[in-house]
Amino acid sequence: MTDGDLVVVNCGTPREKFWGVLLSLTAAGVTLRCVPVESFEDYLRQFAGSGPALLGAVTVFLPAHRIERVELDETAGAAEGLGERFRRVAGRDPREALLGRIPSPPAHEM
């Protein structure tokens, strides 16, 4: 897996699942620009033009001790990957939608 790949990350304690763009994968953990998998359909509908724009992707760091599994989001046989579903239904590149405009970190005064 490399930075920029679409991934699904399964976490434990608390149990959560995220879909998004991998920004960084290190021994310390994973940084993603993502949405929770349980919000995927709502996120998709707003980009497909059939729902209000209520959800946005967020940048999160998930520490290694919480991560159970990181998997590439890919189509396998008849099982369509979330990214492919997004592209087919919304007609947009999922990476562009997820990355959108990421706020810059605040400048620190010295």
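Structure notes:
- Computed about the Cα centre, the dipole magnitude for the chain is approximately 160 debye when only Lys and Arg (+1) and Asp and Glu (-1) carry charge, each at its Cβ.
- Of the peptides 71-82, 53-64, the ranking by mean beta-carbon count within 10 Å, highest at the top, reads 53-64, 71-82.
- Listed values (1) 15.1, 54; (2) 14.6, 55; (3) 19.3, 62, entry calculated as Rg and Dmax of the Cα atoms in Å: (2)
- Label-point separation in nm, SER50 to LYS17, each point 7 Å along Cα→Cβ: 2.1 nm
- Signed unit charges on C-beta, dipole axis of the chain, positive-most listed residue GLY20, ALA48, GLY100: ALA48
Values quoted throughout were computed directly from the atomic coordinates according to the rules given, and no laboratory measurement underlies them. From a predicted model like this one, the values you see are computed outputs, not experimental measurements. As a convention, Cβ positions derive from the backbone with ideal geometry for all residues, glycine included, and neighbour counts pool all protein chains shown.
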